[in-house]
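K.L.:
Supplied in structure tokens, the structure appears directly below.
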Amino acid sequence: MAPGSALIPRHIDLSPGTEALRYCFALPARPESVAGARRLTRARLDEWRLDADAHEAAVLIVSELVTNAVVHTASARVVCELRCLERRLRIAVQDQGHQPGGPKLCRTADDEHGRGLLLVDAMSSAWGSRDAGDGSGRIVWAELPHSTEQSC
């Protein structure tokens, strides 16, 4: 996807001379795609040499966000973007859902749904959701700090 796509958050601006590592992939919105999303995420984060804690947290967050998109929306595909900028990794998953209000945390142990978002909340420094600007669905994002052997 090109810079300025629906997945790039509007509140992150690159100042002149700043580069970001960015990787985007799309998968069919089917349960077996969750494993594919984990595999693609692991491979890219290995290339970027993220520290082990951030690496594992990112893989789990991608897994949870893609699972939610597959299970809770009537999407044909999901798009995942990984963006490494200024010691932060931003994960964004776009689905084709149009539910009002977006995803919500469920803090009760009796609820079978929403536990994945509790993990996302616990493992990330920030997360949220918004409608895609072009009306094509919803974007759920999470950020986590990291360190790398190379500069992100």
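K.L.:
Using per-residue counts of other Cβ atoms within 10 Å, averaged over each peptide, order 125-135, 32-42, 72-82 from highest down.
P.N.:
72-82, 32-42, 125-135
K.L.:
Something else: Through the Karplus equation 6.51 cos²θ - 1.76 cosθ + 1.60, θ set to phi - 60°, convert the phi angles of segment 63-78 into ³J(HN,Hα) values in whole Hz; use x for Gly and Pro.
P.N.:
After applying 6.51 cos²θ - 1.76 cosθ + 1.60, I find 4, 5, 5, 5, 4, 4, 5, 5, 7, 9, 10, 9, 7, 8, 8, 10 Hz.
Taken together, the values in this text are just the output of simple stated rules run on the coordinates, not laboratory data. Keep in mind the model is a prediction, meaning the values are calculated, not measured. Positions of Cβ are backbone-derived with ideal geometry, glycine not excepted, and every protein chain shown enters the neighbour counts.
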